[in-house]
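The values are calculated or read from the model by the stated rules, or taken from the named source; none is laboratory data. All of these numbers come straight from a predicted model, not from anything done at the bench. Reconstructed Cβ throughout: ideal geometry from the backbone, glycine too, with neighbour counts over all protein chains shown.
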Amino acid sequence: MKTFSPYVRSQSLVGFVLMMSMTLADPAMGNEPPDPSPVARQMARAAKNFLDSLSAAQRGRAVYPFDNEKERRYFHFFPIDRNGLPLKDLNTAQQQLAYALISTGLSHRGFGKAATIMSLGQLLREQDGADHNERRDSDHYYITVFGTPGRSNTWSWRAEGFHLSLNFTIAGGKAVASKPSFFGSIPATVQSGPRKGLQVLRFEEAMGRRLASSFDGVQRKVGVIPLMKFEDTVGGFKTGNTPRIIPEQPEGISLDALHSEQAEMLMELVSGYAHRLRHPFAQADLDEIEETGIEKIHFAWAGSLKPFEPHYYKIQGPTFLIEYDNTQDGANHVHTVWRDFDNDFGEDMLRKHKAEHH
């Protein structure tokens, strides 16, 4: 019997009705079967539709060999130029097909978060004026396909730009790996203007603070760690290197040291992160967490419990690391990341697939 239930929360989205209507995911999160094969086929069709819409020159920029490990395992959320094809170099129809591909990997709520993160580029342009970095614009997000999408093929794709990195690997047209995954937001909370109050990652911040605020004196001694100078997130970026953390040495308080209500909050938080992706991927993550022992999950909080004061938390289990960091720009600049110790970029899945089929 599954111990997890999806965390569902409606979230208003400004200006993305069109993109939301294009999503291929089941509109009711959790109604999809846990088998990833149908989703893998949807991804292949969406990727093929996108690639077929491109010119030869565009396709040459968008497609890389699957065995290009250095490029395929590249992972970065800074506002920089990347390899791949950016939305700014696509016409309207091609952009819609790119959004359709992105939607195949995300739940409705996750797609809403991703689309809203991308939309903040226009707000930053208005705020920054002449000093604006165009690489933070809403159309400076890149689509990259590795290999040849197909019903029984092994291939992968990436959608990445400022504060967003989505990586999906498909083995034999069936199994799908969905990590690493990054969502960030600046501003974390819009302070003025027509979008005042918009907070893309509201749940991730509020639930983490609520859990840490519930600690008693004994729990705080274990569950609260010093607020050090984190390099954005300990989970690392730029390459597919193993996160700079020891899986066997988690910090913080373990789930079995929490009261029942606190344990429920922690699992609701983990489930909320998981269900930013399509249900089959979220369920696979939660099943693996359950199989390896939810009592082994640790939660660590650092910094202030007050909004707009620097704070950080991480959730670590035997197979995964989730991080939330809000320490920059007056604690109004959020980074969140999910890393899989064994299966980032489908490493473990591809190894098993190769052993079984080759």
Give the range 106-140 a look and list any residue that's basic (K, R), surrounded by 18 or more Cβ atoms within 10 Å (Cβ to Cβ) and without any contact (Cβ under 8 Å) to a residue 60 or more places away in the chain, or say none.
-> R136
Looking at the range 68-99, which of its residues are touching a His at 6+ places or on another chain (Cβ under 8 Å) and either outside the structural domain of L54 (by TED's automatic domain parsing) or part of a helix (DSSP H, G or I) (or both)?
-> L87, K88
Given the conditions (1) assigned by TED's automatic domain parsing to the domain that holds F146; (2) modelled with pLDDT under 95, and given that P65 satisfies all but one, which numbered condition is not satisfied?
-> (2)
If we scan the range 265-278, do we find a residue that is surrounded by fewer than 23 Cβ atoms within 10 Å (Cβ to Cβ) and within 15 Å of the chain's Cα centre (by Cα)?
-> yes
Looking at the range 153-165, is at least one residue within 30 Å of K352 (Cβ to Cβ), surrounded by fewer than 18 Cβ atoms within 10 Å (Cβ to Cβ) and in the same structural domain as R45 (by TED's automatic domain parsing)?
-> yes
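Rundown of residues vs (1) outside any helix (DSSP H, G or I); (2) at pLDDT below 95, yes/no style:
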| position | (1), (2) |
| --- | --- |
| R109 | no, no |
| G112 | no, no |
| L120 | no, no |
| R125 | no, yes |
| A130 | no, yes |
| T144 | yes, no |
| R151 | yes, yes |
| S156 | yes, no |
| L166 | yes, no |
Return yes when A282 is in a helix (DSSP H, G or I), hydrophobic (A, V, I, L, M, F, W, C) and under 23 Å from G161 (Cα atoms) and no when it is not.
-> yes
Residues in the range 260-279 that are outside any helix (DSSP H, G or I) and of a type in the set (F, W, Y) total 0
Per the list (1) under 25 Å from F111 (Cβ atoms); (2) free of Cβ contacts under 8 Å to residues at least 60 places away in the same chain; (3) crowded, with 22+ Cβ neighbours inside 10 Å, residue check on L321 breaks on (2)
Within the range 166-184, track down each residue that is surrounded by fewer than 20 Cβ atoms within 10 Å (Cβ to Cβ) and among the basic types (K, R).
-> K174
May I ask you to say which residue of P307, P250 is surrounded by 14 or more Cβ atoms within 10 Å (Cβ to Cβ), farther than 16 Å from I322 by Cβ, out of contact with any Phe, Trp or Tyr (no Cβ under 6 Å at 6 or more places or on another chain) and assigned by TED's automatic domain parsing to the domain that holds F341?
-> P307
Flag if G208 is in the same structural domain as T327 (by TED's automatic domain parsing) and either under 18 Å from the mean Cα position of the chain (by Cα) or basic (K, R) (or both) | yes
Of the candidates K296, K352, K314, the one satisfying the condition of being at pLDDT 95 or above, over 25 Å from I186 (Cα atoms) and basic (K, R) is K296
